[in-house]
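The values are calculated or read from the model by the stated rules, or taken from the named source; none is laboratory data. For clarity, every value in this text was computed on a predicted model and none was experimentally measured. Here the Cβ is made from the backbone with ideal geometry for all residues, glycine too, and neighbour counts use every protein chain on show.
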Amino acid sequence: MKCPHNAHVAIVDGERFILMQNTGKPFEPKLTVIEEPVLDPSNFSAGVRHQDDVGQKLGRTQLDELAHGAAVAEWLNGKAIEGDLEDILIVADPKSLGEMRNHYHAELERRLIGELDKTVTSESLEQIAKIIANA
């Protein structure tokens with residue numbers, strides 16, 4: 001996957017959010033950590049959609065994880081609207097990515113260069129860069 005030089009990369013799972021930047025080449029990314037924002041996951045609106053009995057019995061309803069995904073999307077929306085993000089690639093576990101999509105602002109969507117549905121928060125920077133390059 002092409003990741004332009006200086007593009008931001010959001011690495012997300014149900015508990016962590018790390019904002020990185022590609023300081024390498026588009027097809028040979030080199031990632032640098034910019035920040036790991038502390039979020040206040042307060043949007044539990046996903047709970048309405050995940051109230052089914054089957055999801056609760058099988059443990060698929062993790063409201064805290066979904067609220068975290070919503071909080072990340074809201075944070076990214078704010079940065080996109082302020083003009084602090086030009087190009088953004090989002091790499092998130094499938095559940096978080098699905099929830100985040102429900103909260104994307106049009107300005108964030110305009111700046112989105114791609115999404116990868118993978119859990120990579122515990123991987124090294126080099127491994128994440130390889131995953132992006134091979135996507």
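Of everything in the range 1-38 that is within 19 Å of Trp75 (Cα to Cα) and of a type in the set (Asp, Glu), the residue that is surrounded by the most Cβ atoms within 10 Å (Cβ to Cβ) is Asp13. Within the range 93-109, being assigned to a helix (DSSP H, G or I) and acidic (Asp, Glu) holds for Glu99, Glu107, Glu109. Applying a threshold of 6 Å to beta carbon distances and a minimum spacing of six or more residues, or different chains, the list of pairs starting in the range 61-89 at a residue that is farther than 18 Å from Gly114 by Cα and ending at one that is among the aromatic types (Phe, Trp, Tyr) reads Leu63/Phe44; Ala67/Phe44.
Looking at the structure I just gave you, is Ala67 in contact with a strand residue (DSSP E or B) (Cβ under 9 Å, 6 or more places away or on another chain) and either modelled with pLDDT under 90 or not in a strand (DSSP E or B) (or both)? No; evaluated as a whole, the condition is false for this residue. Within the range 110-133, the residues that satisfy the criterion of being among the small types (Gly, Ala, Ser) and assigned to a helix (DSSP H, G or I) are Ala129, Ala133.
Here the range 76-92 is the region considered, the condition is being modelled with pLDDT of 95 or more, outside any helix (DSSP H, G or I) and charged (D, E, K, R), and the residue that is surrounded by the most Cβ atoms within 10 Å (Cβ to Cβ) is Asp87. Looking only at the range 37-47, decide whether some residue is in a strand (DSSP E or B), modelled with pLDDT of 90 or more and not basic (Lys, Arg). Taking every residue of the range 37-47 in turn, none turns out to be in a strand (DSSP E or B), modelled with pLDDT of 90 or more and not basic (Lys, Arg).
Looking across the range 62-119, the residues that are within 12 Å of Val9 (Cα to Cα) and more than 10 Å from the chain's Cα centre (by Cα) come down to Leu85, Glu86, Asp87, Arg111, Leu112, Ile113, Gly114. In this entry, Ala73 passes the filter for residues that are assigned to a helix (DSSP H, G or I), modelled with pLDDT of 95 or more, touching a helix residue (DSSP H, G or I) at 6+ places or on another chain (Cβ under 7 Å) and surrounded by 12 or more Cβ atoms within 10 Å (Cβ to Cβ). Inside the range 8-34, residues that are among the charged types (D, E, K, R) and under 18 Å from Ala67 (Cβ atoms) make up a count of 3.
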